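Structure first, then comments.
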């Protein structure tokens, strides 16, 4: 019994030294995945109690940073002050970065003005909800009835009521004044 306290100290020492050796084997990395996943989400954006937009997406990821991802794309409607749809936007993928308050929208991007019917087709578009503008440096195709405009790069209002193609291409029909 005299050696009993010594035996306990020896056992505790052996256990703690064996645990300490395993600390180097365990590497913890912070979780960077979504904090919340919404399925079949429908989100309305309002300003002064007036609905200004509605987003529908099969899946939405919210990250702790404030960023958002639409891994399966989505559909967005823009509304005027009277609740009428001014434009629609559809894509295969979207990612919102809180730092610069910009959506990067990719894959089969289609932006359509509800009034004029003018439709923009591109593979990538950036949208700044705060200032209501969209832009791209990629190839664009704009259809309006039987007219087709193409080019590289574009800036436009989010409702696609006005736009500028940076490098227009193709054949253009000019009307005499």
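The values are calculated or read from the model by the stated rules, or taken from the named source; none is laboratory data. Because the structure is a prediction, the values reported are computed rather than measured. When we count neighbours, we look across all protein chains shown, and the Cβ atoms used for this are built from the backbone with ideal geometry, even at glycine.
Listed here are the residues, each with its yes/no results for (1) within 18 Å of the chain's Cα centre (by Cα); (2) free of Cβ contacts under 8 Å to residues at least 12 places away in the same chain; (3) surrounded by 13 or more Cβ atoms within 10 Å (Cβ to Cβ).
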{"position": "95", "(1), (2), (3)": "yes, no, yes"}
{"position": "117", "(1), (2), (3)": "no, no, no"}
{"position": "128", "(1), (2), (3)": "yes, no, yes"}
{"position": "139", "(1), (2), (3)": "no, no, yes"}
{"position": "143", "(1), (2), (3)": "no, no, yes"}
{"position": "146", "(1), (2), (3)": "no, yes, no"}
{"position": "151", "(1), (2), (3)": "no, no, yes"}
{"position": "154", "(1), (2), (3)": "no, no, yes"}
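Restricting to the stretch 77-93, what's the tally of residues that are buried (at least 18 other Cβ atoms within 10 Å of the Cβ) and either outside any strand (DSSP E or B) or free of Cβ contacts under 8 Å to residues at least 12 places away in the same chain (or both)?
Result for the stretch 77-93: 0.
Quick check: anything in the stretch 18-34 surrounded by 10 or more Cβ atoms within 10 Å (Cβ to Cβ) and at pLDDT below 95? It would help to see each step written out before you state the result.
Narrowing the stretch 18-34 to residues surrounded by 10 or more Cβ atoms within 10 Å (Cβ to Cβ): 34.
Next, from what is left, pick out any that are at pLDDT below 95: 34.
Checked against the condition, which is being surrounded by 10 or more Cβ atoms within 10 Å (Cβ to Cβ) and at pLDDT below 95, the stretch 18-34 yields at least one hit.
Which condition does residue 111 not pass, out of (1) more than 18 Å from the chain's Cα centre (by Cα); (2) touching a residue at least 40 places away in the same chain (Cβ under 8 Å), if it passes all the others?
Failed condition: (1).
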